[in-house]
1. If Leu351 passes every condition in (1) within 27 Å of Ile70 (Cα to Cα); (2) part of a helix (DSSP H, G or I); (3) open to solvent by 20 Å² or more (accessible area, probe 1.4 Å) but one, which one does it miss?
2. With the requirement that a residue be part of a helix (DSSP H, G or I), over 19 Å from Met368 (Cβ atoms), open to solvent by less than 40 Å² (accessible area, probe 1.4 Å) and small (Gly, Ala, Ser), what does the range 293-341 give you?
3. Only one residue in Ile239, Ile225 is among the β-branched types (Val, Ile, Thr) and over 30 Å from Ala189 (Cα atoms). Which one?
4. If I ask for residues that are at pLDDT below 90 and over 17 Å from the mean Cα position of the chain (by Cα), which ones from the range 349-370 would you list?
5. Would you call Met368 under 22 Å from Tyr256 (Cα atoms) and either surrounded by 14 or more Cβ atoms within 10 Å (Cβ to Cβ) or in contact with a strand residue (DSSP E or B) (Cβ under 7 Å, 6 or more places away or on another chain) (or both)?
6. Just give me the residues in the range 59-89 being within 21 Å of Pro122 (Cα to Cα) and open to solvent by less than 20 Å² (accessible area, probe 1.4 Å), in sequence order.
7. Name the residues in the range 97-148 that are of a type in the set (Phe, Trp, Tyr) and surrounded by 12 or more Cβ atoms within 10 Å (Cβ to Cβ), would you?
8. Residues that are farther than 26 Å from Arg205 by Cβ and aromatic (Phe, Trp, Tyr): does the range 71-94 have at least one?
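The values are calculated or read from the model by the stated rules, or taken from the named source; none is laboratory data. Note that the structure is predicted; figures quoted are calculated from it, not measured. Every residue, glycine as well, gets a Cβ built from its backbone with ideal geometry; the counts of neighbours run over all protein chains shown. What goes into the accessible areas is simple: the full protein's heavy atoms, side chains included, and nothing from ligands, DNA or RNA. Shrake-Rupley method; radii C 1.70, N 1.55, O 1.52, S 1.80 Å.
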Amino acid sequence: MENPFIITGNIPEKYFCDRREESKKVIRTLSNGGNLCMISPRRMGKSKLVRFCYDKPEIADNYYTFYIDILHTSSLREFTYLFGQKVFETLNTKSRKAFMALVQGLRSINAKFGFDPITATPTFSLELGDISHPEFTLAEIFTSLEKADRPCIVAFDEFQQITKYPEENIEALLRSHIQHLSNVHFIFAGSERHLVTEMFLSSARPFYNSTSIMELHPISTEEYIPFVCKWFRAYERDIHKKDVLRIYGLFGGNTYYMQKTFHEAFINTSAGGVCTIDILRQTIDEILEEAGDGYRQILSRIPERQKELLYAIATEGKAQKIMSASFIRKYALTSSSAVQAASRKLMELDLLTMEDSSYYIPDILFRMYLQRLRESDILFLPLD
């Protein structure tokens, strides 16, 4: 039996909830030769929306598309390696002509390629260290895409990561290439709002005023609640609207965690049955338990003062004035200087973020896990 709440891979259109206006804007912007900056909290559905648009005939039939998540890169070399690998692998399956042009164009590394004797084609068997001059290889990748026999769309997810590379002027380097491309269009997606907006809206930065801006907000309850109820009923199950709203409130409309919860709750509800609040509670406990090993490893690697601050901010949900005497007294923290140092490190690790003078843990499930360590059970948010 199909599970209508899909959490991995591409989502068929019938199971894709809303995002009609957003997908129209993405397709319209790109098909008219523009670039797009997409901003949203993590796991709000950026990558699913991009892939959904890639599958639309307007894009799929006319463009080569590439999606590169650079969250875990830490240098220009890693960025270039990952970008090159994705372009190499995609063109290898899409166009023999474009693929061979790419291979011949990558002069700085083409001597490093392996060779498949069966298909008589090069293979991407490079090691990271084989890219000795990433700025040259990067220029060659862009040039190859510019010369491709079909226009290209490149999506860089978590694009704010480039601001954390040790090399200087990475933004200027990328902008110097991108501004001259007419056959390649870009989606720059990011989840750290303060970093992304600064990159694209500050007149002092290279990418200033170079893209359309789109913020991805939670799907409205008017769209999401009927969507969930409809698909439970379609498979001879039922769920009450008020319980769907509880889950929506618990996760603040976060698309992935809601979808994950209903995916598992659908499995836990037998045909002809009702998905009750007890089933949902059990489901969330199971999801937290499943994620617990990873979260325990994270906590084991950070110092005590950082853990104490994480617990305090998790309890608050969103915390302001974390270096004030009252906040420090309330949570028995050491000192304002210790809090400042701990918050800086936690933000570098992406375990903490700040927006509109408020600090919060961006991973909602991690926040709930920390709360549960202090509580005996998950507490559902009260309904308005």
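1. (2)
2. Ala338
3. From the options Ile239, Ile225, the qualifying one is Ile239.
4. Met354, Glu355, Asp356, Ser357
5. Here the answer is yes, as Met368 does meet what is asked.
6. Tyr64, Phe66, Thr80, Phe83, Gly84, Val87, Phe88
7. Phe99, Phe113, Phe124, Phe136, Phe142
8. yes
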